[in-house]
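Take a look at the structure set out below.
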Amino acid sequence: MYYSGAWGAVCGAEWDLVDAAVVCHSLGYSGVSSFRRNVTFKPENGTMWMSEVQCTGNETSLTNCTHSEWGRSACAENQAAGVSCFEKGREIGRASCRER
């Protein structure tokens, strides 16, 4: 997740298929191939930008989902969220929960 001029992670503790789908759709992919919790991600600044993410599925961006205060998280670096997206029935690649 790129926020306030720096890359950071999204906590995977409450991460689910709906949250992952918002990321894939916001990046222009058709859907989710898989999603994971507890991925090890070591951002340069060590920041876990978002936690307690709760999307409804209607959001155009992960930043529009309900979440805790920016940069406030009890998650460790091995608790990041991850998602693999697909387009038109085939997997394209993994997204690191970053948005354009």
**Request:** Tell me which residues, restricted to segment 50-74, are open to solvent by less than 30 Å² (accessible area, probe 1.4 Å) and either assigned to a strand (DSSP E or B) or more than 15 Å from Ala21 (Cβ to Cβ) (or both).
**Result:** Met50, Ser51, Ser68
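Would you call Glu44 at pLDDT 85 or above, exposed (fewer than 14 other Cβ atoms within 10 Å of the Cβ) and either of a type in the set (Asp, Glu) or part of a loop (DSSP other than H, G, I, E, B) (or both)?
No; evaluated as a whole, the condition is false for this residue.
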**Asked** Could you list, in sequence order, the residues of segment 1-23 that are assigned to a helix (DSSP H, G or I), small (Gly, Ala, Ser) and open to solvent by 20 Å² or more (accessible area, probe 1.4 Å)?
**Response** Ala21
**Request:** Sort out which residues of segment 75-94 are more than 15 Å from Gly12 (Cα to Cα), open to solvent by 70 Å² or more (accessible area, probe 1.4 Å) and either in a loop (DSSP other than H, G, I, E, B) or modelled with pLDDT of 80 or more (or both), and write them in order of number.
**Result:** Lys88, Gly89
**Selected residue (only one of Ser34, Ser26, Ser30 is out of contact with any Ser or Thr (no Cβ under 6 Å at 6 or more places or on another chain) and open to solvent by 30 Å² or more (accessible area, probe 1.4 Å))** = Ser30
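The values are calculated or read from the model by the stated rules, or taken from the named source; none is laboratory data. All values reported here derive from a predicted model rather than from experimental measurement. With ideal geometry, Cβ positions are generated from the backbone for all residues, glycine too; neighbour counts draw on all protein chains shown. In case anyone asks, the SASA skips ligands and DNA or RNA and just uses the protein heavy atoms, side chains included. Shrake-Rupley method; radii C 1.70, N 1.55, O 1.52, S 1.80 Å.
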